């Protein structure tokens, strides 16, 4: 697999769109390309942020946050 | 539906003041003195509830929007939002700044939980039917959104969407199914009655354009 092909597959990999039969070859190429591959896969995850940031934020109730913080503080208690 | 890839040229969010800005996929612009996302993650790792509170205020809207895009149910989205922030609290020790930004970590976590939730609650079929109905009734709903002009978009969103909007609708749709529905290439092919090879090509081309577009913006800035 060339690095260009690896890059194409990496972009599919980070969104979970690699087919099972493609995964093995991808993982092998990932090992073969070493740190360069790891760096690229890491960069690809920035697309996750981009997709999320393309959305209009949705509103949540204050009560939800209150519940969350109450749970967090309760877990802190010994 | 879709990636909310709904910005159109000429809408108010394309104003001149938004053109010379910031990294795409970056954190929102912070008030002077406000803690960075990384500082907040360190605070959470140190079990400081206030750090989680600030992080929640900063990102609950985006995370909930992501969840809603996956499961299309307000009550379930609220439940998941709470669970996800609890997971952020519980799993913060697994976050490593060397592997990426806090927002990327949170989005990856939230997406996984939302897709898991979609499947576990057997809402997949119902959501799929809703999705299909939306698609049939508004095939380009992510390209033209009726409420678009009423919304004030952040600079980051404008830039990201500008990149996404350059994609053909078929590529946007394929990426939407893969990212927000967790569908495999085969599932997308079946759902859209499209050859598997075409789906793969659409995903590869679309993701490359988005990746290159975001990288180009980062490099320019």
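Where a number appears in this text, it was derived from the coordinates with a stated rule and is not lab data. Predicted model, so just to flag it, every value in this text is computed and none were measured. Virtual Cβ from ideal backbone geometry, glycine too; neighbours counted across all protein chains shown.
Quick one: which residue in A:73, A:56, A:11 is at the interface with chain B (Cβ under 7 Å from one of its Cβ atoms) and within 19 Å of residue B:77 (Cβ to Cβ)?
Working: A:73 fails: within 19 Å of residue B:77 (Cβ to Cβ); A:11 fails: within 19 Å of residue B:77 (Cβ to Cβ).
After applying the criteria, what remains is A:56.
If a residue must be in a helix (DSSP H, G or I) and within 17 Å of the chain's Cα centre (by Cα), how many such residues does segment B:89-113 contain?
Just the residues of segment B:89-113 that are in a helix (DSSP H, G or I), to begin with: B:89-94, B:97-99, B:102-113.
Then keep just the ones that are within 17 Å of the chain's Cα centre (by Cα); that gives B:102-113.
Going through segment B:89-113 one residue at a time, the tally reaches 12.
Which one of B:68, B:52 is facing chain A (nearest Cβ under 9 Å), within 18 Å of residue B:114 (Cβ to Cβ) and crowded, with 16+ Cβ neighbours inside 10 Å?
Unique residue meeting the criteria: B:68.
Can you confirm whether residue A:26 is more than 22 Å from residue B:175 (Cβ to Cβ) and surrounded by 13 or more Cβ atoms within 10 Å (Cβ to Cβ)?
No; evaluated as a whole, the condition is false for this residue.
Would you point out which residue out of B:196, B:203, B:167 is surrounded by 15 or more Cβ atoms within 10 Å (Cβ to Cβ) and either within 15 Å of the chain's Cα centre (by Cα) or more than 8 Å from every other protein chain (Cβ to nearest Cβ) (or both)?
Only one candidate passes the filter, namely B:167.
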